[in-house]
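The values are calculated or read from the model by the stated rules, or taken from the named source; none is laboratory data. These figures come from a predicted structure and were not determined experimentally. As a convention, Cβ positions derive from the backbone with ideal geometry for all residues, glycine included, and neighbour counts pool all protein chains shown. To get the accessible areas, we keep the full protein, side chains included, count just its heavy atoms, and leave off ligands, DNA and RNA. Shrake-Rupley method; radii C 1.70, N 1.55, O 1.52, S 1.80 Å.
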Amino acid sequence: MKLARIVAAMMAILIIAPGTWAATRGRSPAVEQMQHFLSAVHSLKADFTQVVMDPNLRKVKQSHGTLLIKRPNRFRWDYATPNKEIIVADGKNVWMYDVELQQVTVKPLDGTLAASPAVLLSGSNDVGENFKIKDLGENGGMAWVQLIPKGKDTDFRDVRLGFRNGVVAVMELKDALGNLTRIFFEHVQGNPSLSDDQ
């Protein structure tokens, strides 16, 4: 699986019609929730459902699994269905293991990947360093924030985060080809005890 696709697989996409969201000036409630989440949550455990759609909004793939995050720069995505796959960041490298093929790919967690959505939840809380932040207001009972990468060497156009009661509930990403990925987080546990071995 290509790194760009893996990064996209880690994000959640919602289709948002232009003009649906009301942006506010200054520090908004949505941005406050994001900043609080990034500064207060040092580890996280959750189940996820991921849906990937093509530019015509046809569902291409749906996956389920579990996610572990431990800051800084450590995460583990276990895809249980339909294909078993494990993606692990150990703070220095990203390890991608395709269980069926018994194949491992290792890439450095360098500056380019550090500005990716994959590291957004597990990296530092200085999101403004790599992304332009825009409040998208409330929709569907969630406070929404849009993050647009400042760098030109990314494989995605933007990331949207939906927060419910201060906890991330949805992540979304639109890649450079117009594909959409939507991930819903459930059974989210903030700050569980996680070992580095996990």
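Evaluate the following for Asp197: is it open to solvent by 50 Å² or more (accessible area, probe 1.4 Å) and without any contact (Cβ under 8 Å) to a residue 24 or more places away in the chain? Explain how you work it out, then say what you get.
Values: open to solvent by 50 Å² or more (accessible area, probe 1.4 Å): yes; without any contact (Cβ under 8 Å) to a residue 24 or more places away in the chain: yes.
Answer is yes for this residue.
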Would a scan of the range 166-187 turn up a residue that is in contact with a Pro (Cβ under 8 Å, 6 or more places away or on another chain), of a type in the set (A, V, I, L, M, F, W, C) and not in a strand (DSSP E or B)? yes
Given the structure, is Ile87 at pLDDT 90 or above and in contact with a helix residue (DSSP H, G or I) (Cβ under 7 Å, 6 or more places away or on another chain)? yes
Applying the selection to the range 58-95, what residues are farther than 24 Å from Pro108 by Cβ and out of contact with any strand residue (DSSP E or B) (no Cβ under 7 Å at 6 or more places or on another chain)? Arg58, Asn83, Lys84
Only one of (1) under 17 Å from the mean Cα position of the chain (by Cα); (2) open to solvent by less than 50 Å² (accessible area, probe 1.4 Å); (3) closer than 24 Å to Leu180 by Cβ does not apply to Thr66, and that is (2)
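Is there a residue in the range 43-61 that is under 26 Å from Val127 (Cβ atoms), modelled with pLDDT under 90 and open to solvent by 60 Å² or more (accessible area, probe 1.4 Å)?
Here is the first cut: in the range 43-61, the ones under 26 Å from Val127 (Cβ atoms) are 43-53.
Next, only the ones that are modelled with pLDDT under 90 stay: none.
Looking for residues that are under 26 Å from Val127 (Cβ atoms), modelled with pLDDT under 90 and open to solvent by 60 Å² or more (accessible area, probe 1.4 Å), one finds none in the range 43-61, hence no.
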Exactly one condition in (1) modelled with pLDDT of 90 or more; (2) outside any strand (DSSP E or B) is false for His64; which is it? (2)
Examine the range 67-81 for a residue that is more than 22 Å from Val145 (Cα to Cα), among the hydrophobic types (A, V, I, L, M, F, W, C), without any contact (Cβ under 8 Å) to a residue 12 or more places away in the chain and in a strand (DSSP E or B), and state whether such a residue exists. no
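Just give me the residues in the range 151-165 being under 16 Å from the mean Cα position of the chain (by Cα) and part of a loop (DSSP other than H, G, I, E, B), in sequence order. Please lay out each step first, then the result.
Applying the first criterion (under 16 Å from the mean Cα position of the chain (by Cα)) to the range 151-165 yields 154-164.
Within the range 151-165, Thr154, Asp155 qualify.
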Give the residues of the range 169-187 that are open to solvent by 20 Å² or more (accessible area, probe 1.4 Å) and of a type in the set (A, V, I, L, M), sorted by residue number. Ala176, Leu177
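Do you know which of the residues in the range 121-137 that are hydrophobic (A, V, I, L, M, F, W, C), crowded, with 18+ Cβ neighbours inside 10 Å and in contact with a helix residue (DSSP H, G or I) (Cβ under 7 Å, 6 or more places away or on another chain) is modelled with the lowest pLDDT?
It comes out as Val127.
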